[in-house]
Amino acid sequence: MAGEMVYCAQLPVGRSWECRLLDAALDDATRHGVALMVWGDPGVGKTTLLDHVARSGHAPVLRARGVRSEAVLPYATLADLLIPLRGHFAALPAVQRGALEGALALSEADSRNAYAVCAAALNVLAAAAETTPLVVLVDDLHWVDQPSQQALLFVARRIGPERIALIMTGRDDTELRRGCDLPALDLTGLCRADCDLLLRRHGVVATPDVLDGLVERTGGNPLALLAWAASIRAGQPTTDRPTGNRPTGNQPTGDQPTGDQPTRDQPTRDQPTRDQPTGNQPTRDQPTSNQPTSNQPTHDRPARARQTPDRPTDKALPPGRQLEHTRPRDIERPRDIERLPERTRVALAVVGVSPSAAVELLEPALAFRGLTAVTAELTAAAREARRRSTYDGAALAWYRAAGLTPLLAQRAELLRNAASDSFLAGGAARAAGWCDEALAEHTDPLLRADIELLRGRIQTWIGHTAAAYDGLVAAAHAVRDVDAGRACSLLGEATLPAAMDARVREAVQRGAEAVALARAAGICATGSTVLHSLALVVDGEVRAGLAGLAAAKPFLDAADPVAEQQLLTLVGQSLLFGERDAQGLRLVTRVIRAARVHAAPAVLPIALAVRSESAY
């Protein structure tokens with residue numbers, strides 16, 4: 001009955017079974033504690049279910065949500081929940097009260113006792129539930145700061161004797177789910193009948209074939225459906241006769257999603273500055289046809305609209321341009337053209353939820369402005385996300401732009417950017433896959449060398465050291481006679497996987513080869529010199545290695561602690577090996593701070609381990 005149609009205005013469409021389950025959990029909370037996790041993709045309706053619980057009136061409600069920009073602030077979410085209950089702090093044991101108030105910035109007490117903070121949180125909630133059951137709702141657990149996550153899961157596992165219902169939502173992230181050993185409710189998309197009902201409630205009547213296409217493209221995701229409905233209303237003047245699947249009259253707009261914040265431009269070692277890269281791995285819909293247009297090279301794009309024979313695509317396209325499988329629908333009036341930026345905004349909002357739905361929304365913009373303009377919109381969003389250190393969002397925007405561009409070279413470059421930002425965001429496996437995809441797209445040796453450099457770095461840090469070494473060395477030999485600078489970078493990078501694979505002599509040889517090649521070509525390759533010095537330290541030539549690192553100090557001081565976090569961490573570790581404790585600790589701490597501030601955790605576990613070893 002999970003897909004049962006619901007006509008009761010008080011219940012979310014298609015969620016009657018889930019609402020009954022939550023209502024039963026709230027009833028149980030009058031006798032004992034209940035903890036529940038609700039998992040699902042963005043836009044599938046997790047927050048809507050929490051809204052239903054909050055409106056139920058079963059008990060007083062405490063509510064908080066994780067915020068991406070606050071995920072680096074310790075105990076931010078826990079403070080939102082517990083500060084309204086501050087009147088219960090006085091009854092806590094002194095140690096717990098001091099730790100909790102210190103953690104919530106209410107006093108200068110020592111808050112490093114994590115167990116005391118967790119126990120205090122449980123006791124405060126239990127005290128608040130003494131007289132009446134208590135409902136605690138936490139949305140977007142994946143964006144909750146780590147200390148608050150720890151405290152909430154601590155409470156959830158010990159909630160049994162208390163009259164508390166703790167319900168949390170999160171995106172279905174494998175690592176997060178592994179740590180949440182709680183009863184779970186998995187939300188999926190709506191069935192076809194519920195999709196139809198949801199659209200009708202928002203003033204849109206879709207014809208059967210259009211509805212089938214929407215259900216297929218969006219997977220029944222309510223947010224994607226509502227974004228599509230909002231775009232249809234925005235493009236339909238209120239005095240026009242309805243056409244096709246559009247509503248009549250002046251319909252209410254309903255809820256419209258807001259877009260993700262679209263990084264910092266990052267220089268690469270020993271190379272000219274380029275646009276360099278770093279949830280939920282996006283899926284790629286298969287195109288409906290492989291037939292190329294006359295002016296586009298053949299390649300698969302993530303999503304294309306279905307072609308309609310009775311609507312020729314060329315009458316609304318700019319002169320000399322024909323876009324395969326794209327139809328302008330009924331957007332042929334100047335007033336509709338003015339609304340294209342709004343449609344593009346809605347499409348960018350839903351791009352992370354459903355790639356197919358986003359392309360459907362972008363169709364009018366594609367028809368009037370062309371692929372280049374829409375790709376530029378996504379590229380600008382990716383740059384802005386990188387500038388704000390929102391690397392995961394930047395990666396997704398780069399990837400969507402790559403799916404729309406018809407130019408193979410540009411597509412490969414955009415995929416490289418996506419992989420780089422995804423790697424910095426901690427999505428190494430996804431980044432490696434995108435590198436493979438980029439290499440399959442293009443044959444230019446220079447661009448392939450740049451992609452191989454990134455792929456080798458990713459493979460090194462996920463433990464595929466042999467493959468990383470072989471790929472880097474082969475790429476260096478392929479461009480040695482064409483671009484000595486790139487060859488130096490590749491050979492220098494190859495020292496790391498060689499050393500990690502216990503091939504220390506080969507690491508030293510590759511480093512020496514990179515330095516010699518740079519000297520012969522008359523180019524500055526300080527990064528390769530640093531990597532050679534690291535290989536010497538590993539080989540036991542500590543004095544020579546430290547001398548090389550000392551000579552490169554200006555380069556290391558100026559290095560970006562996010563873009564070069566791997567290199568700086570290893571330099572810090574080598575300085576510690578060479579008993580340059582203060583210098584090494586300062587460098588590693590710099591990397592740790594930058595990784596936390598800019599939400600770039602790719603190397604954070606290793607940097608923390610190095611600092612812990614130093615402290616020990």
Identity of the residue in the stretch 162-181, at pLDDT 90 or above and assigned to a loop (DSSP other than H, G, I, E, B), that ends up farthest from His52 (Cα to Cα): Glu162
Among Val537, Val562, the single one that is within 37 Å of the chain's Cα centre (by Cα), among the β-branched types (Val, Ile, Thr) and within 17 Å of Ala494 (Cβ to Cβ) is Val537
I'm told Asp41 meets every condition in (1) under 30 Å from Arg388 (Cβ atoms); (2) among the acidic types (Asp, Glu); (3) surrounded by fewer than 18 Cβ atoms within 10 Å (Cβ to Cβ) except one. Can you identify the failing condition by its number? (3)
Kindly establish whether Arg68 is under 30 Å from Arg217 (Cβ atoms), modelled with pLDDT under 90 and not assigned by TED's automatic domain parsing to the domain that holds Pro601. yes
Name the single residue, out of those in the stretch 503-546 being basic (Lys, Arg) and touching a helix residue (DSSP H, G or I) at 6+ places or on another chain (Cβ under 8 Å), that is surrounded by the most Cβ atoms within 10 Å (Cβ to Cβ). Arg510
Give the residues of the stretch 564-597 that are of a type outside the set (Val, Ile, Thr), surrounded by fewer than 23 Cβ atoms within 10 Å (Cβ to Cβ) and more than 28 Å from Glu541 (Cβ to Cβ), sorted by residue number. Arg593, Ala594, Arg596
Within the stretch 182-201, residues under 30 Å from the mean Cα position of the chain (by Cα) and either small (Gly, Ala, Ser) or at pLDDT below 85 (or both) come out as Ala184, Gly189
Subset of the stretch 128-159 (residues that are charged (D, E, K, R) and closer than 25 Å to Gly43 by Cα): Asp139, Asp140, Asp145
Condition first: at pLDDT below 85 and touching a Pro at 6+ places or on another chain (Cβ under 9 Å). Now tell me which residues in the stretch 403-424 satisfy that. Gly403, Leu404, Pro406, Leu407, Leu408
Residues (surrounded by 21 or more Cβ atoms within 10 Å (Cβ to Cβ) and assigned to a loop (DSSP other than H, G, I, E, B)) located in the stretch 112-132: Ala129
Please list, ordered by residue number, the helices (runs of 4 or more DSSP H) wholly in the stretch 1-110 having 1 or more residues that are over 24 Å from Leu176 (Cβ atoms) and small (Gly, Ala, Ser). 16-28, 94-103
So is Ala428 modelled with pLDDT under 90 and touching a Lys or Arg at 6+ places or on another chain (Cβ under 6 Å) or not? no
Got a sec? Which of Glu541, Glu579, Glu564 is under 27 Å from Gln509 (Cβ atoms) and modelled with pLDDT of 85 or more? Glu541
Selection from the stretch 73-89 of residues more than 13 Å from Leu125 (Cα to Cα) and either surrounded by fewer than 16 Cβ atoms within 10 Å (Cβ to Cβ) or touching a Pro at 6+ places or on another chain (Cβ under 8 Å) (or both) yields Leu73, Pro74, Tyr75
Just the residues that are closer than 18 Å to Tyr616 by Cβ and in a helix (DSSP H, G or I), please, taken from the stretch 548-582. Thr569, Gly572, Gln573, Ser574, Leu575, Leu576, Phe577, Asp581, Ala582
Taking the stretch 607-616, which residues are part of a helix (DSSP H, G or I) and either among the hydroxyl-bearing types (Ser, Thr, Tyr) or surrounded by fewer than 17 Cβ atoms within 10 Å (Cβ to Cβ) (or both)? Leu608, Ala609, Ser612, Glu613, Ser614, Ala615
In the stretch 112-125, is there at least one residue being modelled with pLDDT under 90 and either outside the structural domain of Ile164 (by TED's automatic domain parsing) or touching a Gly at 6+ places or on another chain (Cβ under 6 Å) (or both)? no
Could you please give the count of residues in the stretch 96-147 that are within 19 Å of Gly160 (Cβ to Cβ), under 31 Å from the mean Cα position of the chain (by Cα) and small (Gly, Ala, Ser)? 1
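The values are calculated or read from the model by the stated rules, or taken from the named source; none is laboratory data. In this text, all values refer to a predicted model and were calculated from it rather than measured experimentally. So basically every Cβ, Gly included, is an ideal-geometry build from the backbone, and we count neighbours across all protein chains shown.
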